[in-house]
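**Q** I am attaching a structure below and will ask some questions about it afterwards.
The values are calculated or read from the model by the stated rules, or taken from the named source; none is laboratory data. Only a predicted model underlies this, so the values are computations on that prediction, with no experimental measurement involved. FYI the Cβ positions are ideal-geometry reconstructions off the backbone, even for glycines, and counts take in every protein chain you see. Each accessible area value is taken on the protein alone, full model and side chains, heavy atoms only, with ligands, DNA and RNA left out. Shrake-Rupley method; radii C 1.70, N 1.55, O 1.52, S 1.80 Å.
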Amino acid sequence: VHVACSAEHSNSRPELLVVTVATKENDGFRQFKRSTEKYGLDLKVFGMGIEWRGGTMETIGGGHKVNLLKENLEAYKNKDNLLIMFVDSYDLIFTDGKDAILDKFAKFDSRVVFAAEDTIWPDKSLEKKYPQVKENEKRFLNSGGFIGYAREIYEMVSYQALGDQEDDQLYYTQIFLNRALRHEWKMKLDTRAEIFQNLNFALGEVVIKYKGSYSYLYNIRTGTSPIAVHGNGPVKPEFYRISNYLADGWTTSTGCQTCNDDLLDLTDVKDADMPTVVIAMFVEMATPFLREFFDRVTKLDYPKDKIDIYLHYSVDYHSKDVKKFLEDIEGLYPSTRVISPSDNVGEQMARNWAIEECIKKNCQYLLTLESVAQITNPTLLRDLIIQNRSIIAPLLKRPGKLWSNFWGALNRDGYYARSEDYMDIVEYTKVGLWNVPFVASVLLIQGQRLPLLRDAYTNNPDLDADMSFCEKARQEVLFMYVSNRKYWGHLVYADGFDTSHLHNELFDIFNNRLDWESRYIHENYSTSLQEDVKIEMPCPDVYWFPIVSDTFCDEFVAELENYGQWSGGKNEDPRLAGGYENVPTVDIHMNQVGLEKQWLHFLGEFVRPLQEKVFTGYFHDPPNAIMNFIVRYRPDEQPLLRPHHDASTYTINIALNRPGIDFQGGGCRFVRYNCSITAPKKGWMFMHPGRLTHYHEGLRTTEGTRYIMISFVDP
Ligand code: UDP
């Protein structure tokens, strides 16, 4: 009965057991395991939790794997109809299941099939002993994957004693090159990458392909679609990048399919039960719009009593901003720890300490934020937590630029390299969750992973803090994901930020246009540009618009008062080409304070569209203006301006402070229409033709100081 039974078995399709060695459960292993589950493969893991004795894997080693197989496969050696497939697991992913593997294996007509590659390692002198292969085939054995019948596999791994530190690849190679054994065990190499694809030195021969909601790897050299894709050796970053797509992770027709794997559900979690977070902020250089940076951190949609604040700043320039921030948040968060320039703590150390702080507090998450990161979407923290990955960063970039907070690839020296899909990701053409070799600026790290990342920022003292961190994460096989599933914010441009003024951001319209706009442009500015909006017209052909914010007015006036070199209001004016001003005012020209270029840009970007809306048919882009100046009216200085024409096609006049409060009287009268604007609104601009029709005068300021900003556009 026994004989009949086993004969019947061996005629039927074999069983398949996938086995691997993994001493640690890292992200590489988790990804591997998910792929076996996805394709319904039976998996046995050997060595979990024990100490790895197989060496660093950067040189020879791996004998430990053979010994673990020997120990664990004995139990299977008599199962006639069982195929054992061994694969590495930190850097390997399956792209198909049992049926495909069995079909391919059957075609080999073999008892043991090994993965193959083009390079011979570790003993090059063995080359001559290798059988020849066709030109497009791989000649040499790789020990990262093999498949065969349980009996042969067991005999092979137990054939000879091998030290844990000795080399597994050499061990199997010697067996394979032993003709007698090769024939006895019917060993073959997968020279055409039918089942196993080793990616080292082979990246150029593979492409990712899609078929509906399926993705697979295609080898253009051998014309095969390998099933076990192995990022052996130094190609791991590129392997992990490819893994974003494999196992149907992302396809052209479905987008990101792995994005919703393993999510954390926080929907019904009460505030009191939300995970604890340490938010660690780093201000390591003079950074424009830091006020907004802090402000946006406090606006994160997350219970504040679950957040501890940690802040390192190393530039005195920001002392005031930090002080203000600390006042604003007083009592809001359970704890606040600030390390200031006088503490003399370098960036690397401060960052390492943030990890320690989080570990000490038993935190569930550490959110690190660099001062250049403007988080405009308050759901950020929740969104990243829900995504449930070891390390995750939101995609942030400089608006309108390709500069971002992640690298898609590394060059040989470990620095930035452009990956094939970098553009697609930064431009949101491909949306998803991307395993990348470097992320910076904003990172959410799971607290449970932090013990592995202790001292990560000084792990490699030759590197920047963030590069050292990422290198450490890669060494620990903790994945760093960048997500572009939503828009969460952007990066400000801080390099070379000129801090020589009182309000430096006023000058920063070119580098940080978006932040400039949100601080300085009136919140209702764009209403005037909507199609059917009626623009206020207080006098004939004088149009009135909200244009700049209160903050703009206050900082602008303060900046110019700080400069302080007001003209005397005399006809003789050395600042002018002709040296003479017919209707002089007490004023400061923009070119005196270095704001001329910015102002002309402002005219082009914000004023011109309004002009085109009200004076239709007149196009002049960019608008030109030689006279751009702030005017000061005071009862005891120059209180008014007699009627005059302007040397302009049109003039703009922006009220910089409040009538009735900051000053009394004032206003503008258009003589021909006998029409006055006596209640100018702070931050509002009026616009009128310069010559012929709009002869006008500045009305007397009777108390206080009135400030207006004037441009004679297209003189
Ligand atoms: N491995 C392990 N623990 C370790 C190192 C390695 O279990 O500390 C196992 C794991 O399966 C891993 C394999 O050994 O995939 C080979 O290591 P690695 O991927 O680093 O080597 P490579 O494929 O680059 O030769």
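**Q** Taking K and R as +1 and D and E as -1, what net charge do the other residues with C-beta under 10 Å from the C-beta of residue 158 add up to?
**A** Values: positive: 70, 77; negative: 71, 74, 155.
Summing Lys/Arg as +1 and Asp/Glu as -1 gives -1.
**Q** Here's another thing I want to ask about it. Tell me the carbon and sulfur percent of the accessible area for the stretch 218-324, rounded to whole percent, probe radius 1.4 Å. Show your work: numbers first, answer last.
**A** Working: 2140 of 4170 Å².
Roughly 51 percent of what the probe reaches on the stretch 218-324 is carbon or sulfur.
**Q** Moving on to the next point. List every residue whose amide H lies under 5 Å from the amide H of residue 388, counting only residues 5 or more places away in sequence or on a different chain, with H placed 1.01 Å from N in the peptide plane.
**A** Here the answer is 264, since their amide H atoms fall under 5 Å of that of residue 388.
**Q** Quick check: from the Cα gyration tensor, does the stretch 197-259 come out rounded (a/c under 1.5), prolate or oblate? List each step's numbers first, then the result.
**A** Values: a/c = 2.53, a/b = 1.42, b/c = 1.78.
The shape class here is oblate.
**Q** Just how large is the dipole of the chain about the Cα centre, in debye to the nearest 20, putting +1 at every Lys and Arg Cβ and -1 at every Asp and Glu Cβ? Don't skip to the answer; put the middle values down first.
**A** Numbers: 79 positive and 100 negative charges, 296 e Å.
Using only the charged Cβ atoms, the result is roughly 1420 debye.
**Q** Right, next: Rounded to the nearest 5, what is the percent of antiparallel bridges among the DSSP beta bridges in the chain?
**A** Details: 82 of 122 bridges.
For the chain, the DSSP antiparallel bridge percentage is about 65.
**Q** Where both residues lie in the stretch 380-523, what percent of DSSP beta bridges are antiparallel, nearest 5? Please list the in-between numbers first.
**A** Working: 11 of 15 bridges.
Given both bridge residues lie in the stretch 380-523, the antiparallel proportion sits at roughly 75 percent.
**Q** Using the Cβ atoms and a cut-off under 12 Å, what net charge is assigned to the surroundings of residue 422, where Lys and Arg are +1 and Asp and Glu are -1?
**A** Working: positive: 241, 397, 418, 430; negative: 420, 421, 424, 427.
Overall, the nearby charge balance is 0.
**Q** Moving on to the next point. Which loop-located GluC sites (Glu not before Pro) does the stretch 22-96 contain, where loop means any DSSP state but H, G, I, E or B and the Cβ has at most 12 other Cβ atoms within 10 Å? Could you put the intermediate results ahead of the total?
**A** Working: sites: 25, 37, 51, 58, 71, 74; in loops: 25, 51, 58.
The qualifying sites are 51, 58.
**Q** Identify the trypsin sites (Lys or Arg not before Pro) of the stretch 548-611 meeting these criteria: DSSP loop state and at most 11 other C-beta atoms within 10 Å of the C-beta. List each step's numbers first, then the result.
**A** Values: sites: 570, 575, 597; in loops: 570, 575.
Answer by residue number: 570.
**Q** In percent, how large is the relative contact order of the chain, given Cα pairs closer than 8 Å and 6 or more residues apart? Let's see the in-between values first.
**A** Numbers: 1445 pairs, mean separation 61.6, N = 715.
Value for the chain: 9 percent.
**Q** Ordered by residue, what ³J(HN,Hα) values in Hz, to whole numbers, does the stretch 89-96 give under the Karplus form 6.51 cos²θ - 1.76 cosθ + 1.60, where θ = phi - 60° and Gly and Pro are x?
**A** 10, 7, 9, 8, 9, 8, 10, 6
**Q** Right, next: For residue 704, what residues show an amide H to amide H distance below 5 Å, using hydrogens built from the backbone and excluding near sequence neighbours?
**A** Distant-sequence amide H within range of residue 704: 664.
**Q** Percent relative contact order of the stretch 478-624, based on C-alpha pairs within less than 8 angstrom and at least six residues apart? Show your work: numbers first, answer last.
**A** Working: 120 pairs, mean separation 26.6, N = 147.
It rounds to 18 percent for the stretch 478-624.
**Q** Still on this structure, please answer the following. How large is ³J(HN,Hα), in whole Hz, for each residue of the stretch 363-374 in order, when computed from phi with the Karplus curve 6.51 cos²θ - 1.76 cosθ + 1.60 and θ = phi - 60°, using x for Gly and Pro?
**A** 6, 8, 9, 10, 10, 9, 10, 8, 4, 7, 8, 9
**Q** Give the accessible area for residue 541 in Å² (nearest 10); use a 1.4 Å probe, count only protein heavy atoms, and leave out ligands, DNA and RNA.
**A** 70
**Q** Rounded to a whole number, what % of the accessible area of the stretch 418-499 do carbon and sulfur atoms account for, probe 1.4 Å? Numbers along the way, then the final one.
**A** Details: 1260 of 3000 Å².
Percent of accessible area from carbon and sulfur atoms in the stretch 418-499: 42.
**Q** Accessible area, 1.4 Å probe, largest first: how do 500, 371 sort?
**A** On the way: 500 90, 371 5 Å².
Largest accessible area first, the list is 500, 371.
**Q** Then there is this: For a quick check: with amide H placed at 1.01 Å from N, whose amide H comes under 5 Å from residue 190's, ignoring anything fewer than 5 positions away on the same chain?
**A** Residues meeting the amide H criterion: 114, 115, 116.
**Q** Choose one of 257, 275, 298: the residue whose Cα lies farthest towards the positive end of the charge dipole of the stretch 239-349 (beta-carbon charges +1 Lys, Arg; -1 Asp, Glu; about the Cα centre).
**A** Result: 298.
**Q** Tell me, what HN-Hα J-couplings in whole Hz come from the Karplus equation 6.51 cos²θ - 1.76 cosθ + 1.60 at θ = phi - 60° for each residue of the stretch 575-589, using x for Gly and Pro?
**A** After applying 6.51 cos²θ - 1.76 cosθ + 1.60, I find 6, 9, 4, x, x, 9, 10, 5, 10, x, 10, 7, 8, 9, 7 Hz.
**Q** While we're here: How do 42, 573, 636 rank by accessible surface area computed with a 1.4 Å probe, from largest to smallest? Let's see the in-between values first.
**A** Working: 42 90, 573 15, 636 130 Å².
So, going from the largest accessible area down, we get 636, 42, 573.
**Q** What share of the DSSP beta bridges in the stretch 265-419 is antiparallel, in percent to the nearest 5?
**A** Numbers: 3 of 21 bridges.
The answer is about 15 percent antiparallel.
**Q** Roughly how many Å² of residue 43 are accessible to a 1.4 Å probe, to the nearest 10?
**A** Number for this one is 50 Å².
**Q** For the chain, just say rounded, prolate or oblate: build the C-alpha gyration tensor, square-root its eigenvalues into a ≥ b ≥ c, call rounded for a/c under 1.5, and beyond that prolate if a/b exceeds b/c, oblate if not. Mind showing how you got there, number by number?
**A** Numbers: a/c = 3.31, a/b = 2.72, b/c = 1.22.
Taking the square roots of the gyration eigenvalues as a ≥ b ≥ c, the chain is prolate.
**Q** Per residue, what accessible area does the chain have, given a 1.4 Å probe and all protein chains present, in Å²? Write out the running numbers ahead of the final one.
**A** Numbers: 31120 Å² over 715 residues.
Dividing the accessible area of the chain by its residue count gives 44 Å².
**Q** Still on this structure, please answer the following. I need the shape label for the stretch 597-715. Rule: rounded when a/c is under 1.5, else prolate if a/b > b/c, else oblate, with a, b, c from the alpha carbon gyration tensor. Provide the component values of the computation, followed by the final result.
**A** Working: a/c = 1.98, a/b = 1.55, b/c = 1.28.
Verdict is prolate for the stretch 597-715.
**Q** In addition: Computing the accessible area with a 1.4 Å probe over protein heavy atoms, can you report the carbon and sulfur percentage for the stretch 21-135?
**A** Numbers: 2690 of 5650 Å².
Of all accessible area on the stretch 21-135, carbon and sulfur atoms account for 48 percent.
**Q** Excluding ligands and nucleic acids, what accessible area in Å² is computed for residue 299 using a 1.4 Å probe, to the nearest 10?
**A** 130
**Q** Before rounding to the nearest 500, sum -39500 (n - 2.57) across all DSSP H runs of length at least 4 in the chain and divide by the residue total; then give [θ] at 222 nm in deg cm²/dmol.
**A** Working: 19 runs with 173 residues, N = 715.
Counting only the DSSP helices, I get -7000 deg cm²/dmol.
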